[in-house]
Amino acid sequence: MVNQDKQTNFKKLQTLINELPWYVEEYINHKLRKLSTASLFNYCHDYKIFFNWIIAEQLFQGSVKDIPLERLEQMTVLEVESFLNYLHYQLENKELTVNRKLSALKSLFNYLQNIAETPELKPYLNRNVMAKIEFNEVKDSMETKANKMEGKILLGDEYEKFRLFVANDYGELNKENKKLYNFYQLNKERDTAIVSLILGSGLRLSELIGIELDDIDFSKYCVRVIRKGNKEQFVYFSQVAMADLQEYLAVRAAKYKIEKNNKALFISAPIGPKGKSRQLTARSVEKLIEKYATAFGKPALSVHKLRHSFATRYHAEINDVPKLRRQLGHSSIQTTMIYTHIKNDDLKIAVDKMDMPKEQID
């Protein structure tokens, strides 16, 4: 399964690595098999902020690339706390963002102290200041996070309403705008299939755009995807998603003028008279979801929120956290547990009945 976005992310990662000290590249190579290139790019972006701060604070005289291991080994708790305050107060990073950047630094320093070795089999760092730094206490409980998410996802009949909006109502809404309407008519089957597949499976964006035609098992209603950590998995999807996929596949070749060697499932329209069709990019999918979400009246909806919508509905109907964890590809069951805190109508009705006089309860 060739994923153009993955190759692009890898090139961006290599470009960023070239701006950082040599030991960061060694660490990234160590993590390359375990984490996605997108995650590692974010790590490197965090490291760049950290190393640039060291230079700006004159804790090292020279360029970022030349910051030696000795400077890291000599860092004080006070210096690190000063950097974290810089993130929070000057860059206005929220507690969770500061925690994520601190986690990236902790991972790097741990590698330099406990995994990396010199030719003499000595650790790169004898002293690890990051081990002394505590994460910010994030006060939001899992239930609070779930409640915040609840206003930004599809619940109840919104689930099918949004799918039908993409399949038909958006076109009706924009009939007077010929350019917008024609573009919608060209892509409506594809866009409906994309929305339907996310809502019917909970796939991540990176998994969705990496799908090729041969990855779909039409008899078993499942698709082969590459999950985080480069793990291959067959993920089941709904009958509605299958119907929408087949409708899209019936027009895919004719509408997008696809070359025989292009096996990508989701294709972008060719641009210009000699334009070639190509695999739809992650950003293109994000933009089309943003477009439909805004027109639908729920602008906070995103690809990730559609994944959350699937997970919430799955839990409400199936109530099997281990199965949901596997379906979503979560490495930790704690990540999946958030969906057990999202309210559903049955729970609300049950609670409402507790307050009724007994003779009113059916």
Search result, residues across the stretch 281-301 that are among the hydroxyl-bearing types (Ser, Thr, Tyr) and in contact (Cβ under 8 Å) with a residue 40 or more places away in the chain:
Thr281, Tyr292
Candidates Ile49, Ile67, Ile54 - the one that is touching a Pro at 6+ places or on another chain (Cβ under 6 Å), β-branched (Val, Ile, Thr) and at pLDDT 95 or above
Ile67
When residues of the stretch 269-280 are filtered for being open to solvent by less than 50 Å² (accessible area, probe 1.4 Å) and in contact (Cβ under 8 Å) with a residue 24 or more places away in the chain, how many remain?
3
Members of the stretch 170-196 found to be open to solvent by 40 Å² or more (accessible area, probe 1.4 Å) and within 28 Å of the chain's Cα centre (by Cα), listed by number
Phe183, Leu186, Lys188
Is at least one residue of the stretch 30-44 open to solvent by 40 Å² or more (accessible area, probe 1.4 Å), over 19 Å from the mean Cα position of the chain (by Cα), modelled with pLDDT under 95 and more than 26 Å from Thr281 (Cβ to Cβ)?
yes
Looking only at the stretch 201-224, how many residues end up being open to solvent by less than 30 Å² (accessible area, probe 1.4 Å), over 17 Å from the mean Cα position of the chain (by Cα) and not charged (D, E, K, R)?
3
Is it the case that the stretch 225-233 has a residue that's farther than 21 Å from Arg307 by Cα and open to solvent by 50 Å² or more (accessible area, probe 1.4 Å)?
no
Under 7 Å by Cβ, and 6 or more places apart or on different chains, what pairs join a residue from the stretch 247-268 that is closer than 18 Å to Val285 by Cα and without any contact (Cβ under 8 Å) to a residue 40 or more places away in the chain with one that is of a type in the set (Asp, Glu) and not in a helix (DSSP H, G or I)?
none
Restricting the stretch 315-324 to residues that are surrounded by fewer than 21 Cβ atoms within 10 Å (Cβ to Cβ) and modelled with pLDDT of 75 or more, the one farthest from Gly156 (Cα to Cα) turns out to be Pro322
Checking Gln185 against (1) at pLDDT 90 or above; (2) closer than 30 Å to Ser107 by Cα; (3) of a type in the set (S, T, N, Q), which single condition isn't satisfied?
(2)
Have a look at Tyr47, Tyr27, Tyr89 and point out the one that is surrounded by fewer than 16 Cβ atoms within 10 Å (Cβ to Cβ) and either of a type in the set (Lys, Arg) or assigned to a helix (DSSP H, G or I) (or both).
Tyr89
Kindly indicate whether any position in the stretch 144-152 is modelled with pLDDT under 95, outside any helix (DSSP H, G or I) and open to solvent by 50 Å² or more (accessible area, probe 1.4 Å).
yes
Which number in (1) in contact (Cβ under 8 Å) with a residue 12 or more places away in the chain; (2) surrounded by fewer than 18 Cβ atoms within 10 Å (Cβ to Cβ); (3) part of a loop (DSSP other than H, G, I, E, B) marks the one condition that Glu120 misses?
(1)
Could you list all residues from the stretch 65-80 that are within 19 Å of His45 (Cα to Cα) and open to solvent by 50 Å² or more (accessible area, probe 1.4 Å)?
Lys65, Asp66
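The values are calculated or read from the model by the stated rules, or taken from the named source; none is laboratory data. What you are looking at is a predicted structure, and each value in this text was computed from that prediction instead of being measured. Note that we place each Cβ from the backbone using ideal geometry, even for glycine, and neighbour counts take in every protein chain shown. The area values use the complete protein model at the heavy-atom level, side chains included, leaving out ligands, DNA and RNA. Shrake-Rupley method; radii C 1.70, N 1.55, O 1.52, S 1.80 Å.
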